[in-house]
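This report concerns only the one structure given below.
The values are calculated or read from the model by the stated rules, or taken from the named source; none is laboratory data. Small disclaimer: the values here were computed from a predicted structure and weren't measured. Every residue, glycine among them, receives a Cβ derived from its backbone with ideal geometry; neighbour counts consider all protein chains shown. To get the accessible areas, we keep the full protein, side chains included, count just its heavy atoms, and leave off ligands, DNA and RNA. Shrake-Rupley method; radii C 1.70, N 1.55, O 1.52, S 1.80 Å.
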Amino acid sequence: MSKVNREEILSILDKYDKEDITIATLGSHTSLHILNGAKKEGFKTAVVCEKGREIPYQRYKVADEYIIVDKFSDIVNEEVQDQLKAMNSIIIPHGSFVAYAGLDKIENDFYVPMFGNRDILRWEAERDLERKLMLDSGIRMPYKYENADEIDRAVMVKFPGARGGKGYFVASSTEEFNQKIQSMLERNWIVEEDVPQAHIEEYVSGTNFCIHYFYSVINDEVEMLGMDSRFESNIDGLVRIPAKDQLDIGLDPSYVITGNHPVVIRESLLPQVFDIGDKLVDAAKKLVKPGMNGPFCLQTMCTDNLEIVTFEMSARTDGGTNTFMNGSAYSYLLFGEEMSMGQRIAREIKNAIKTDQLEDLIT
Ligand code: AMP
């Protein structure tokens, strides 16, 4: 397998009518505001949608064109790619696109011009690469345990891939770790192959801020457009039960993400917020050339020492951007209008078309 040839992508882009670009994405995750934002910036829009999942796009009227497929992963099929290219499409990647299309296909077989840095998607998906990028950037991360025998305090245990928190658990000793692994296997939330890949890290007690940035390649500037906090089942339900009853009901806490709330952070913490965003962009420039391009997200806990600890990153638009489809407090400060992440992406593309820099945004 050989990697998608950049020259070929650029030659496809070169043949596109720049006055008639379509912004396209897979119908899931953050596609509502990606398409809505694209329309607001004057683009045509297309959604690639699994049969039966088209209702939200019809009801919210965000898509001009529908490419209906049997399954989401068909987005990489040649006929679908041809249809997209015939519409002069630029694909906006998001979490579900990466999950359904698959990294290998995106890297090797997907010849539709895509917004962002194609190569960085693997860096956020593979925990070791993600950790390297974050460590090199010098931002504070949770301590990582190499082995379950070393557990000496509360730890968070995670498994490979984007699972929306499913199967994650907290343990405070090696015995508890082993016992909870068994219980996750019994629930079928993890499989045997996951066990050796368990990622064990310091449990950071604090409040959750998922910070949504946009790095503009055109302006060489890191913008912070919004923040959300996760709504997780069942932990957010458990804490509504009096502490004395929490043990009695015999439920293990779980961290399955079910929704997001928009939040703002204490203003005095904003210098840290910008500092970690800038640092990640600097490290990405060195490690995954040409670096960050467009949306990215740092998922953090803020401790009672007012230290922001980053436990995860997304190097593409993150699901929490859905909390500001009509703009956030921060995107309003920056733009004075209701700017969503989707619209910000479309505006970057529009500006690049005007200044003939589109090639710099596309991989
Ligand atoms: P993730 O899939 O990494 O976003 O994690 C899912 C959820 O697990 C997060 O939203 C947090 O509530 C929780 N979490 C993840 N890592 C940690 C950590 N190191 N300390 C405390 N909570 C965590």
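Looking at the range 72-86, is at least one residue within 28 Å of residue 337 (Cβ to Cβ) and not aromatic (Phe, Trp, Tyr)?
No, the range 72-86 contains no residue that is within 28 Å of residue 337 (Cβ to Cβ) and not aromatic (Phe, Trp, Tyr).
Can you give me the number of residues within the range 151-162 that are of a type in the set (Val, Ile, Thr) and more than 10 Å from the ligand (Cβ to nearest atom)?
Final tally of qualifying residues: 1.
Among the numbered criteria (1) within 28 Å of residue 120 (Cβ to Cβ); (2) crowded, with 17+ Cβ neighbours inside 10 Å, which single criterion is violated by residue 220?
Here residue 220 clears every test but (2).
State yes or no: is residue 3 more than 30 Å from residue 331 (Cα to Cα) and within 24 Å of the chain's Cα centre (by Cα)?
Yes, satisfied.
Can you name the condition, by its number, that residue 247 falls short on among (1) surrounded by fewer than 16 Cβ atoms within 10 Å (Cβ to Cβ); (2) within 16 Å of the ligand (Cβ to nearest atom)?
(2)
Going by the conditions given, is residue 241 at pLDDT below 90 and either of a type in the set (Gly, Ala, Ser) or exposed (fewer than 15 other Cβ atoms within 10 Å of the Cβ) (or both)?
no
In the range 128-144, which residue that is open to solvent by 10 Å² or more (accessible area, probe 1.4 Å) and within 11 Å of the ligand (Cβ to nearest atom) is farthest from residue 175 (Cα to Cα)?
Result: 141.
Out of the range 185-212, which residues are away from the ligand (no atom under 16 Å from the Cβ) and surrounded by 17 or more Cβ atoms within 10 Å (Cβ to Cβ)?
Hits for the range 185-212: nothing passes.
Quick test of your reading of the structure: residue 269 fulfils all but one of (1) away from the ligand (no atom under 16 Å from the Cβ); (2) open to solvent by 30 Å² or more (accessible area, probe 1.4 Å). Name the failing condition by number.
(2)
Residues checked against (1) touching a residue at least 40 places away in the same chain (Cβ under 8 Å); (2) over 18 Å from the mean Cα position of the chain (by Cα); (3) exposed (fewer than 14 other Cβ atoms within 10 Å of the Cβ); (4) away from the ligand (no atom under 16 Å from the Cβ):
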{"position": "92", "(1), (2), (3), (4)": "yes, no, no, yes"}
{"position": "123", "(1), (2), (3), (4)": "yes, no, no, no"}
{"position": "126", "(1), (2), (3), (4)": "no, no, no, no"}
{"position": "149", "(1), (2), (3), (4)": "no, yes, yes, yes"}
